[in-house]
Every structure is written in structure tokens, then in C-alpha cells.
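Here's the structure we're looking at; comments come further down.
The values are calculated or read from the model by the stated rules, or taken from the named source; none is laboratory data. Being a predicted model, the structure only gives us computed values, none of them experimental. Virtual Cβ from ideal backbone geometry, glycine too; neighbours counted across all protein chains shown.
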Amino acid sequence: MTAPLHFQSIAELSEHLAARRISSVELTQAVIARTKAVESRVHAFNSFDEPDALAQAAASDSRRAGGQSCGALDGIPIGLKDVIAVSGQPLTASSKMLANFVSPYNATVTESLQGAGAVLHGRLNCDEFAMGSSTENSAFGPAHNPWDLTRTPGGSSGGSAAALAAGAAIATLGSDTGGSIRQPAALCGLVGLKPTYGLISRFGLIAYASSLDQIGPFARTVEDAAIVLGAIAGHDPRDSTSFKTEIPDYRAELKRRRGPWKLGIPEEYFGAGLDPEVGAAVEKAIAFYKAQGCEIREVSLPHTHYCLDAYYVIATAEASSNLARYDGIRYGHRSREAKDVLDVYQKSRAEGFGDEVKRRIILGTYVLSSGYYDAYYLRAQKVRTLIRQDFLNAYREVDALITPTSPLPAFKLGEKSADPLAMYLCDIYTIGVNLAGLPALSLPCGFTAGGLPIGLQLIGQPFREADLLATAHAYEQAHDWHTKFASL
């Protein structure tokens, strides 16, 4: 049975559009109707502009009528996490600090998607300033997992995952600082790709931790992720960390690169704290690769147990610096209770930021303060170098690594919100990738007995996204997890 339009893939829908079996306006109307039907329960969106989306869709149909199609993404509705700038649209970072802010410019990825003809549909909910693992830190209320509305869709890009899993978008973009694309993808049964640091421009992304942040796609299939990645990857002179490298045709490479691959199993990722059902599903995926002729090797990443500590020193230090600009003076929330300049700073920030953001600013300011810089921040950067070297040493023996994405399936909303450390541990398998600047992908590999999705993480070599996607595609094509949809 053919899936409804709002649950079909980019690859399928682009064929329908090219053959004129549907129009972009019809597709966009279907996605908007689905959004209206589920949004009160899922809360994936902070805002969406229906007239603007339909105008973009009509422009796509006009291009096609004139023989000027822009390619596979032309006319496809794509949602953006509310930390990515779209000119003339709200840009809130799910914070009271930016509750009324409208972006005056486009992010580079926004321009890239517009150039590819995509219909930009909505501003997606997230943890405030992308700080969190459950979307519960959003000033506008948490998003809900479409597979079980009492559970989190993950974070910080939880709205991006929830919208796609609910059929309220055909693909979405998120940002990943310590697992914020991969963990929600795992918890919502989606493909989520965190590219190599520097492959995609960060211009127009609200900064959390600048040396860790990376924009990437959520998609229903690996092929769809390859399509979106191809549209948004590339060098950008407006981003000083953007890397000049050749961008292959990721979609075409899925069919060319067939393995077998040498795959590493890091012993540190299969210990205490891993849910038994998650571990069993990942072990079955490893067995699949072995049956396909892949060489499976056990490897060690000995500094893994320092990842969490190093991350929460480096990330909070950079957050403290990046969020200093929200001072009540230039833009954003300004306290009405302020009586002098010092009051403006103190009260505006106290009123505008939520508890988790304040916690990270305070911690980051502390580790950068006089007398503590060497003991904390500098030492964390040295540990970061060792963590990256662990991965590079492993890649002398293997092509990629296989791990669980999240140690747990989706947990109940409110279950961990009172214990920050328990929440931080949800990202234990994803943080190292960001510290090392590597590409990694999560894809569905099963369900728990209770019907919750389980994610498999593949970690690739720098700028080898084509190989990473091909490795994931080989697994996906032999299984049907990506064809399952949440019933709302």
C-alpha cells in the first residue's frame, strides 16, 4: 500500500513531481494539513507561515511548467530548527530572550535550500539555544515523540525529529553539538546525519559552542539524507571554519560504493548503562554486516570515559562567550524593570534565559575565569586532542565504527529533567564525535518490545560522508525499519 504523501520520501516525491502526478502546491497543502492535524499533540513547531509556504510551492510549480526544475528538492517541504536563520521569519532559539526576534538575513544553508527549490516550512522547536537532550528546555514547551506522546523525541533538535516522524515535513534540518541530530533521530526512528565539522557552513546558525556545532539533515531514508547533504554541503567564505573540499554526488555514490568494509566495534560503547534491548538490536546489525562479508574488528577508544567531562567544559566555555551578546542592549529581550545599565544586563539575562542555559553559562564562565583556565579549559582541550587521536588510530585498522546511538530508547517526559547529570549521560555515545570533528549517522535498527525505535550509529572518517552513507544504505536496503510510521 502506498504511504500518504506526507510519509513518502524525497526520492519518491521528486519522481511524482517530475512526472506531474502531483504538484508542489498539492504536496505542501498535504503537509500543512498534516501539521495542523498533529501539532496540538506533538508541538514540533514554534511557528509556521502557511501563505509563505504555499507561495514557495506555487513558484516551484511555475518553474517546472517552464522546464526550469532545480532538481530533487524542488517543491519539497523542509522544516528548519529554530536556530537557523530564514530572512523575514522568527528566529527564537526556543528562548524568551529572542521570543519576538525576526531574522533580517538568511543562513547559508537556507540560501542553499532555496537555490535547490525547497519549500521552507516552519520553525522547529528545540531545547533553548540548543542546550539539552529532550526538548524540555524549550521556553515554549516540550515537543512530544510521535511514537509515544508521553515520551521525549530527544534533543536538542527534538522538534526537527518529531515533525518528520509525525509527517509534518518531508525532511528537516537540525544542529548537532553533542548528538543533537543523531540522538533525536534514534529516538524517533529516523536517519540523522552529523557531517564532518567544516563541511557545512555555520553562517546563520545561532551559536552554542562554535567549535562543536554542525548543521545536518533528518530524513526518512539514507538516500534522502544524501540528497539534502548534497544541497547544503560546500565551502562558504562567510564561515572561517568552512573547509574547502570536493563535494561528490552523495546520492550517486550510494550505488557505486558497495563494500565490503572493515568495521570497528569500540569496546567502550558496549558496557554498563546500555539498555539490553538497544544492545541486542545493535548486535544484530553487526551480525548483518559480518554476514555480508564485512570484516568486524574490536577496537579501543581509551579516552572515551573523559568525553563527557571534556565536552561540558569546552561547550559551556564557548556558550558563555557566545551568549554574552544577549545583554538587553542591542536586540532580544530587555527587562522592563531595569533602572540603570547594570540592571539592564542583569535583569534582562535573568528573565530571558532558562535554567539550563543559565547553568551552562555559569559553568562556562567559571572554567574560563582567572586561576581556573589552565586547570579546566586548557586541560579539556588537551584531552580533546587525545580523544580525536583515538579515533584516528582506530581508522588505521577500520573504515568506520559501529555503536549504539543512544544508550536508551525514548524516555518519559519529566523522567530526567530534575537530574542534569542523568540527562547529560544520554549523549554518552555521541559527544566524542563532536569533540573529534567527525561525521556520524544514526539510522533505525529495530524497536523495543514496547514499540519504541532503536538507533544504530555509524561513525566515519573526516570528509568521507560518501562512504558513511553507502555503509548505512547497505544496511537500510536489507531491512524495512525505515518503512514503519508512527500512528497518530
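Looking only at residues that are in contact with a Leu (Cβ under 9 Å, 6 or more places away or on another chain) and β-branched (Val, Ile, Thr) in the stretch 226-242, which one is surrounded by the most Cβ atoms within 10 Å (Cβ to Cβ)?
Among them, the one singled out is Val228.
What's the number of the only condition in (1) farther than 22 Å from Ala93 by Cα; (2) in a helix (DSSP H, G or I); (3) among the polar types (S, T, N, Q) that Gln183 fails to meet?
Result: Gln183 fails condition (1) only.
So Pro462 ticks every box in (1) surrounded by 22 or more Cβ atoms within 10 Å (Cβ to Cβ); (2) farther than 18 Å from Arg220 by Cβ; (3) more than 17 Å from the chain's Cα centre (by Cα); (4) not acidic (Asp, Glu) but one. Which box is left unticked?
(1)
Considering only residues that are free of Cβ contacts under 8 Å to residues at least 60 places away in the same chain and part of a helix (DSSP H, G or I), look in the stretch 390-423 and name the one that is surrounded by the fewest Cβ atoms within 10 Å (Cβ to Cβ).
It comes out as Leu421.
Evaluate the following for Asp355: is it closer than 22 Å to Ala99 by Cα, at pLDDT 95 or above and of a type in the set (Asp, Glu)?
When the stated conditions are applied, Asp355 passes them.
Which condition breaks for Asn100 when tested against (1) outside any helix (DSSP H, G or I); (2) modelled with pLDDT of 95 or more?
(2)
Exactly one condition in (1) over 30 Å from Cys126 (Cα atoms); (2) touching an Asp or Glu at 6+ places or on another chain (Cβ under 7 Å) is false for Glu253; which is it?
Answer for Glu253: the failing condition is (2).
Taking Lys255, is it exposed (fewer than 13 other Cβ atoms within 10 Å of the Cβ), over 24 Å from the mean Cα position of the chain (by Cα), within 26 Å of Pro444 (Cα to Cα) and not acidic (Asp, Glu)?
yes
Mind listing whichever residues of the stretch 465-488 are buried (at least 20 other Cβ atoms within 10 Å of the Cβ) and either in a loop (DSSP other than H, G, I, E, B) or on the phi > 0 side of the Ramachandran plot (or both)?
Listed by number, the list holds a single entry, Ala486.
Kindly indicate the residue of the stretch 400-427 that is among the aliphatic types (A, V, I, L, M) and either modelled with pLDDT of 95 or more or touching a helix residue (DSSP H, G or I) at 6+ places or on another chain (Cβ under 6 Å) (or both) and also nearest to Val357 (Cα to Cα) among those meeting that condition. Full working, then the answer.
Initial filter on the stretch 400-427 (among the aliphatic types (A, V, I, L, M)): 400-402, 408, 410, 413, 418, 421-423, 425.
Next cut, either modelled with pLDDT of 95 or more or touching a helix residue (DSSP H, G or I) at 6+ places or on another chain (Cβ under 6 Å) (or both) only: 400-402, 408, 410, 413.
Working: Ala400: 34, Leu401: 32, Ile402: 32, Leu408: 24, Ala410: 23, Leu413: 19 Å.
Among residues in the stretch 400-427 that are among the aliphatic types (A, V, I, L, M) and either modelled with pLDDT of 95 or more or touching a helix residue (DSSP H, G or I) at 6+ places or on another chain (Cβ under 6 Å) (or both), the one nearest to Val357 (Cα to Cα) is Leu413.
Being surrounded by 16 or more Cβ atoms within 10 Å (Cβ to Cβ) and more than 23 Å from the chain's Cα centre (by Cα) is the requirement here; does Gly332 meet it?
Against the criterion (surrounded by 16 or more Cβ atoms within 10 Å (Cβ to Cβ) and more than 23 Å from the chain's Cα centre (by Cα)), Gly332 qualifies.
Report, by residue number, each residue of the stretch 57-93 that is surrounded by fewer than 24 Cβ atoms within 10 Å (Cβ to Cβ), of a type in the set (D, E, K, R) and not in a helix (DSSP H, G or I).
Asp74
Here is a yes/no grid of residues against (1) over 22 Å from Gly437 (Cα atoms); (2) of a type outside the set (Phe, Trp, Tyr); (3) without any contact (Cβ under 8 Å) to a residue 60 or more places away in the chain; (4) surrounded by 24 or more Cβ atoms within 10 Å (Cβ to Cβ):
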{"residue": "Asp148", "(1), (2), (3), (4)": "yes, yes, no, no"}
{"residue": "Leu164", "(1), (2), (3), (4)": "yes, yes, no, yes"}
{"residue": "Thr177", "(1), (2), (3), (4)": "no, yes, no, yes"}
{"residue": "Gly192", "(1), (2), (3), (4)": "no, yes, no, yes"}
{"residue": "Ile200", "(1), (2), (3), (4)": "no, yes, no, yes"}
{"residue": "Ala219", "(1), (2), (3), (4)": "no, yes, no, yes"}
{"residue": "Asp224", "(1), (2), (3), (4)": "yes, yes, no, yes"}
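Being modelled with pLDDT of 95 or more and in contact with a Cys (Cβ under 6 Å, 6 or more places away or on another chain) is the requirement here; does Ala317 meet it?
No; evaluated as a whole, the condition is false for this residue.
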